[in-house]
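> Next up is a structure, given as structure tokens.
Throughout, read-outs are computed from the coordinates displayed, never taken from laboratory work. What you are looking at is a predicted structure, and each value in this text was computed from that prediction instead of being measured. Glycine also receives a Cβ, built like all others from the backbone with ideal geometry; neighbour counts cover every protein chain displayed.
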Amino acid sequence: MEQRTIRSFVRRNGRITDSQHRAIETLNQFILPIDKKLDLNTLFQRDAEKHLEIGFGMGDSLAEMAAKHPEHDYLGIEVYQAGVGHLLLQLEKLFLKNIRILSTDAVNVLKEQLEPQSIDVIYIFFPDPWHKKRHHKRRLIQTAFLDLLATVLKKDGKLYIATDWENYAEHILEVADQHPAFINQFGKGNFAPRNEERPLTKFEKRGQRLGHGVWDFAYQCVPNE
Ligand SMILES: C[S@@+](CC[C@H](N)C(=O)[O-])C[C@H]1O[C@@H](n2cnc3c(N)ncnc32)[C@H](O)[C@@H]1O
């Protein structure tokens, strides 16, 4: 019997605005096919650093990073359609040319679409924490997922993660520190200081006002030769 895959997300199809819907219909040149291998330099028409954000939500961080670094190319993966539409509207408003979007499960993109060692930097900001213990298996950051990240990252590529949920932070530190392909940039057992590259979102500002913690992680990839 085929094993049912455990997903790290639930599909939220409601509450998409008319303008987000229009953006998905009309700005589809920024949306990549989800059934093909990706030749990133051909797609972006240049040989620049390739940065990948997994689960970009509404895309505010991705748009801000791409605007700040026109010299880099950015790929964003998100299943949430309102988020895809919102990011497309920002691309249009800010005239950003260095972002492409994949609207599907990141696991498929990592397994089927990206070439090995094709990505310089991966960001995963505030992955769904799945608070309940019986849902912990749905958490994105697990050893098998880190195996996939290690395959697509270039040698010495960087992985940056942030979470605002302490129990998830402890779990991330444990699995990533133990993973043979990743070196904790701040030494085993240590969180990273706040990543300067990570835009400060409304969500995080609110958390700061309420005194909530945020835990950052910085790893370097050392794939097998
Ligand atoms: C808690 S939100 C955080 C969004 C954003 N990074 C932020 O900081 O506001 C997590 C996002 O990850 C997306 N997500 C979860 N699992 C995913 C997967 N396997 N592939 C693509 N997106 C995923 C969800 O749809 C959701 O929008």
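> Test of understanding: among L102, L140, which residue is closer than 14 Å to L32 by Cβ and of a type outside the set (K, R)?
Result: L102 is the single residue among L102, L140 that is closer than 14 Å to L32 by Cβ and of a type outside the set (K, R).
> Which one of these is within 25 Å of A150 (Cβ to Cβ) and under 19 Å from the mean Cα position of the chain (by Cα): H86, H72?
Only one candidate passes the filter, namely H72.
> Which ones in the stretch 15-32 are in contact (Cβ under 8 Å) with a residue 24 or more places away in the chain and farther than 15 Å from K93 by Cβ?
R15, I16, H21, I24, I31, L32
> Now a separate question. Could you give every pair whose Cβ atoms fall below 7 Å, whose first residue belongs to the stretch 191-205 and is touching a residue at least 40 places away in the same chain (Cβ under 8 Å), and whose second residue is hydroxyl-bearing (S, T, Y) and assigned to a loop (DSSP other than H, G, I, E, B), counting only separations of at least 6 or pairs across chains?
Between residues of the stretch 191-205 that are touching a residue at least 40 places away in the same chain (Cβ under 8 Å) and residues that are hydroxyl-bearing (S, T, Y) and assigned to a loop (DSSP other than H, G, I, E, B), there is no close pair.
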